[in-house]
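The values are calculated or read from the model by the stated rules, or taken from the named source; none is laboratory data. Predicted model, so just to flag it, every value in this text is computed and none were measured. Neighbour counts run over all protein chains shown; Cβ positions are idealised from the backbone, glycine included.
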Amino acid sequence: MNMLDLPEGLTVPWAPEAEAGVIGAMLLDNNAYDNVADVLTAASFHDETAGKVFNAISGLVMSGKPADIITVHEWLSKAGESEVSLSELTRFSHATSSARHARFYAEIVAEKHLSRRLLSASEDVRDVAHDFDQDVQNRIGQAQASIEALQDVAAKSQPQAIETYVVGAIDRIQELADGTTQPGIPTRIPGLDRRLGGGLKPGKQMILAARPSVGKSSLAEQIALNVALDGSPAAMFSMEMENAEMTDRAICNIGRIDYERYQTGKLNDEEWGFLSDAVERMRGLPLYFDDQAAMTLPQIAAKARSLKRKSGIKLLVIDYIQLCSSTNPKLSRHHQLEEISRGLKALAKQLQITIITLSQLNREVEKRASGRPVLADLKESGAIEEDADVVMLMWRQRKNDNYTLNGMDVAKARGGRTGDVALHFEGQHQRWSESTESLADPVKAMGRGNRYTDDI
């Protein structure tokens, strides 16, 4: 145990049950590591054995190996920590019956660790204060340094002078000029990529908002599919569509199969061939679907961290924010969405991925003759707009049996340009592209003038 020299009557702040619980949760389900790794290190544990076991689990998980009682014991033995017995590991594994509360246990452990650091710092300050051989200003400086060191533990990062980044900026611009790197991940919708300053950027949260049935879910899936087809791993967490439905849409998109006939199984001979080709093209495609309903922010974060670590995802689509659940049901819905929105923004920065979060618009849109939405139409929370780097608002401009022209207003674009993008939706193939038709002019040639950067 790590001991502190505390005054009589005071006890060391620690939570043995929580420490054992978080270790047990990770042994029970290695995915729990992704849910606690951002708040814990081996040093966070007061029980030194628990810290050693955490270190072993971390090493195994990060190397893609299973972490159970046997593999952890073997890892510790090779690391010269053979005094950690199998019986102690068994004790940890029995500390909890579920991995569901791993994050809660981890936050308790982290808080107790910070409390111990505070007590240790206070001891240092007391010793310095009684060192009368030193000048009082020196003692004050040392006392401040002890507290500042504690603040460093709590801080996620430290401010850096701009000169730290200058050389890297020059290298980055040179790579862009040489064509060895791209300004962003292309969406394959040229007008949107131009508005975004070259495509999707890491660490950014984008909002795609529309009224129901305008097509935001299928457009978001189109972007995720395009990203994956270009070789960048992408994921879509849908609380509205099932995995099978998302898969069906992707097959019809890639294979150019009539979606209506696909749903009934009444494919023509040519489409049966297209189906085989589409399925073959989708083998090994780095696109991941998850249809768990009413996910909370911690659940989304845990799944995203796992996908980032295992598959290196670059894009995460969340469909949609109003269907997410809060971990604090006592909050108003406004504050619940605010908590989720800000958490997703932090997650995008932490994982250095792009997160496209879908959102509903309120009914005010329908009162306008144009049907064109504005930022104020974002439903239930102004934080959705405030936290976003990019806000894209969709509406249906014109529609008949043969042609659909949809409008997108990039109403907010940090690091890009605001403005409109005309979109065409091929409903029979569940396929989106940019339209060369103007949003202001009548449609002159139905179904013509649609473009992709590359055909898929």
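In the range 245-255 there is at least one residue matching the filter, namely being surrounded by fewer than 23 Cβ atoms within 10 Å (Cβ to Cβ), within 23 Å of Gln360 (Cα to Cα) and of a type in the set (Lys, Arg). Just to be sure, is Arg372 part of a helix (DSSP H, G or I), surrounded by fewer than 20 Cβ atoms within 10 Å (Cβ to Cβ), assigned by TED's automatic domain parsing to the domain that holds Val390 and among the charged types (D, E, K, R)? In short, no. The set of residues in the range 30-49 that are free of Cβ contacts under 8 Å to residues at least 60 places away in the same chain and buried (at least 23 other Cβ atoms within 10 Å of the Cβ) contains only Tyr33. Sort through Lys367, Lys310, Lys314 and tell me the only one that's charged (D, E, K, R) and modelled with pLDDT of 90 or more. Among Lys367, Lys310, Lys314, only Lys314 is charged (D, E, K, R) and modelled with pLDDT of 90 or more.
I'd like the full set of residues that are in a helix (DSSP H, G or I) and crowded, with 19+ Cβ neighbours inside 10 Å, limited to the range 307-338. Hits for the range 307-338 are Leu307, Lys308, Ile321, Gln336, Leu337, Glu338. Here Glu260 meets the list (1) surrounded by 13 or more Cβ atoms within 10 Å (Cβ to Cβ); (2) touching a residue at least 12 places away in the same chain (Cβ under 8 Å) almost entirely, failing just condition (1).
In the range 151-180, of all residues being of a type in the set (S, T, N, Q) and at pLDDT 75 or above, the one that is surrounded by the fewest Cβ atoms within 10 Å (Cβ to Cβ) corresponds to Thr180. The single condition among (1) more than 19 Å from the chain's Cα centre (by Cα); (2) under 22 Å from Lys412 (Cβ atoms) that Lys201 does not satisfy is (1). The residues of the range 291-336 that are of a type in the set (D, E, K, R) and closer than 30 Å to Pro66 by Cβ, listed by number, are Asp291, Lys303, Arg305, Lys308, Arg309, Lys310, Lys314.
Every residue in the range 78-94 that is more than 17 Å from Leu27 (Cα to Cα) and assigned to a helix (DSSP H, G or I), please. Lys78, the sole residue that qualifies. Within the range 72-92, residues that are closer than 14 Å to Phe54 by Cα and touching a residue at least 60 places away in the same chain (Cβ under 8 Å) sit with their Cβ atoms under 7 Å from residues that are surrounded by 12 or more Cβ atoms within 10 Å (Cβ to Cβ) and among the β-branched types (Val, Ile, Thr), at 6+ positions apart or across chains, in these pairs: Leu89/Val53; Leu89/Ile69; Leu89/Val72; Phe92/Ile23; Phe92/Val53.
Can you find a residue that is at pLDDT 85 or above and either of a type in the set (A, V, I, L, M) or not assigned by TED's automatic domain parsing to the domain that holds Gly203 (or both) anywhere in the range 397-405? No - not one qualifying residue is present in the range 397-405.
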